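A.B. asks: Supplied in structure tokens, the structure appears directly below.
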Amino acid sequence: MKIHSKLPDVGVTIFTVMSKLSNDQNAINLSQGFPDFDVHPDLLALVEKYMRSGYNQYAPMQGVPALRERISEKVLELYNAAYDPASEITVTSGATEALFASISAVVKKGDEVIVLEPAFDSYVPAIELNGGIPVFVKYKFPDYSIDWDDVKKALSTKTRLIILNSPNNPTGAVFSGEDIDALKNIVRNTNVLILSDEVYEHIIFDGLKHESMSLYPELAERSFVISSFGKTYHTTGWKIGYCLAPANLSVEFQKVHQFLTFASNTPIQYAYAEFMQNKDVYLNLSAFYQKKRDKFLTLIKRSRFKALPCHGTYFQMLDYSAISHEPDVEFSRRLTMEHGVASIPPSVFYHHQDDHKVLRFCFAKKDETLEKAAEKLCEI
């Protein structure tokens, strides 16, 4: 039986490929973005507590009320944005589900969606599955800044959505106040919506602040804002995220969400709700990861790699042009197989596989992991 694929050009993700290669080669895995250190013991204890207390059946479709209330309180405190936990917050099975539900809720056949490249790999397939047309605008290399004139030129009468990601995966770039002002001017007096992927909102360095869409009422009123507990609490495998959106957008979002997963893991939601009362955990996360970034950069200082600016996320881009002129996919494979360190080739985040001779390394690792990886990188 012949199947006409809806995604004929899509294969297994690069994250799966590089993690498998890393495991096969017994390499140090700095490719896929997950920590190799333990979850806070108090959070683990809370999950067990709620499991043993009988919180093991379906949660409400929108999410456990206590968790939505804690999210609302946090967003009000950090961004001065009042989201109604009953009608404007939805808990999802990871940020990827929230991204898909947002796109599916508003993108119809023939709608154009502006995507800033390099872009996380789930955006474009979700657009295409909904009949949308991705319109690409590139960050400027090597500082990964945005030319907002290019964004403005990409707008048309068919533009339905702009997808933004700050802090950005894979580049570590972070929006500035000037970026926000430019964005406001572009979308003002239009019907263009915003999907803002903010899963690294608590991982920002060098004294910068997170420019959430939630901070700005004229942007918040047209935005789906996505975040992730996995990135904040080192629990990527638990797959719990959430979406903030005004009531009219949340209604459409939940129409899709209820048929994707209906509801997300119940005891983990209750555990997060209680654990969120310890605000220091997320408030101190930037300092925690900046220390790891700085350690990694110090460890590789004598290597032939050149670090590009990284002001957020737990990823560091390294220029390898002084070492090799191989395409980044080939060099990342050789680096894994011959030198025992796995990374991600960023060309996979571009629709035309733009290759700047850089690799993405994840520094969300134990110090001893970073030390071993850096030793290998410095030997090249």
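Values in this text are rule-based calculations from the coordinates and carry no lab data. Since the model is a prediction, treat every value here as computed from it, not as a measurement. With ideal geometry, Cβ positions are generated from the backbone for all residues, glycine too; neighbour counts draw on all protein chains shown.
A.B. asks: Provide the gained length on full extension for the span residue 24 to residue 190, in nm with one decimal, where the gain is 0.36 nm per separating residue minus the Cα-Cα distance. Mind dumping the intermediate values first?
C.D. replies: Numbers: separation 166, 0.36 × 166 = 59.76 nm, distance 5.06 nm.
Gain on extension, residue 24 to residue 190, equals 54.7 nm.
A.B. asks: Using only the alpha-carbon atoms of the chain as identical scatterers, what base-10 log of I(q)/I(0) does the Debye formula give at q = 0.07, 0.12 Å⁻¹?
C.D. replies: Normalising to I(0) and taking log10 leaves -0.31, -0.95.
A.B. asks: Could you please rank 367, 328, placing first whichever residue has the fewest other Cβ atoms within 10 Å of its Cβ?
C.D. replies: On the way: 367 13, 328 24.
In order of increasing Cβ crowding within 10 Å: 367, 328.
A.B. asks: Across the chain, where is the longest run that never hits chymotrypsin sites (Phe, Trp or Tyr not before Pro) in a DSSP loop with at most 14 other C-beta atoms within 10 Å? Mind dumping the intermediate values first?
C.D. replies: Values: sites that count: 37, 58, 262.
The longest uninterrupted stretch comes out as 59-261.
A.B. asks: Once phi is turned into ³J(HN,Hα) by the Karplus curve 6.51 cos²θ - 1.76 cosθ + 1.60 with θ = phi - 60°, what whole-Hz value does each residue of segment 288-296 show in order, with x for glycine and proline?
C.D. replies: 4, 7, 5, 4, 5, 4, 5, 5, 4
A.B. asks: Could you tell me which of 58, 34, 247 has its Cα farthest along the dipole of the chain towards the positive end, charges placed at Cβ (Lys, Arg +1; Asp, Glu -1), taken about the Cα centre?
C.D. replies: 58
A.B. asks: Which trypsin sites (Lys or Arg not before Pro) in segment 1-92 pass both tests, a DSSP loop state and at most 14 other beta-carbon atoms within 10 Å? Walk me through the numbers on the way to the answer.
C.D. replies: Values: sites: 2, 6, 20, 49, 52, 68, 70, 74; in loops: 2, 6.
In loop regions of segment 1-92 (DSSP not H, G, I, E or B), the sparsely surrounded trypsin sites (Lys or Arg not before Pro) are 2, 6.
A.B. asks: Please give the charge dipole size of the chain, origin at the Cα centre, charges +1 on K and R Cβ atoms and -1 on D and E Cβ atoms. Round to the nearest 20 debye.
C.D. replies: On the way: 40 positive and 47 negative charges, 96 e Å.
It works out to roughly 460 debye.
A.B. asks: Reachable aspartates and glutamates from residue 372, Cα under 19 Å, same-chain residues fewer than 8 places away excluded?
C.D. replies: Qualifying aspartates and glutamates at Cα under 19 Å: 24, 36, 38, 294, 338.
A.B. asks: Checking the cross-link filter: which aspartates and glutamates have an alpha carbon closer than 17 Å to that of residue 255, excluding same-chain neighbours under 8 positions apart?
C.D. replies: Here the aspartates and glutamates satisfying the reach criterion relative to residue 255 are 88, 97.
A.B. asks: Can you tell me the order of 158-169, 208-219 when each peptide is scored by its average per-residue count of other Cβ atoms within 10 angstrom, highest first?
C.D. replies: Working: 158-169: 23.0, 208-219: 18.7.
Going by the mean number of other Cβ atoms within 10 Å, highest first, we get 158-169, 208-219.
A.B. asks: Quote the charge dipole size of segment 55-278 about the Cα centre in Debye, to the nearest 20; the model charges only the Cβ of Lys and Arg (+1) and of Asp and Glu (-1).
C.D. replies: Numbers: 18 positive and 27 negative charges, 111 e Å.
For this selection, approximately 540 debye.
A.B. asks: Now, a different point. Between segment 311-380 and segment 182-249, how many Å separate their Cα centres?
C.D. replies: Rounded to whole Å, the Cα centres lie 28 Å apart.
A.B. asks: Compare 322, 119, 220 in a GNM of the chain, Cα atoms joined below 10 Å, and give the one with the largest fluctuation.
C.D. replies: Among 322, 119, 220, the largest mean-square fluctuation in the Gaussian network model of the chain belongs to 322.
A.B. asks: Where nothing but the Cβ of Lys and Arg (+1) and of Asp and Glu (-1) is charged, how large is the charge dipole of segment 22-104 around its Cα centre, in debye to the nearest 20?
C.D. replies: 220
A.B. asks: OK, next. Over the Cα atoms of segment 55-278, each weighted equally, I'd like the Debye log10 I(q)/I(0) at q = 0.18 Å⁻¹, rounded to two decimals.
C.D. replies: For the requested q values the scattering log ratios are -1.40.
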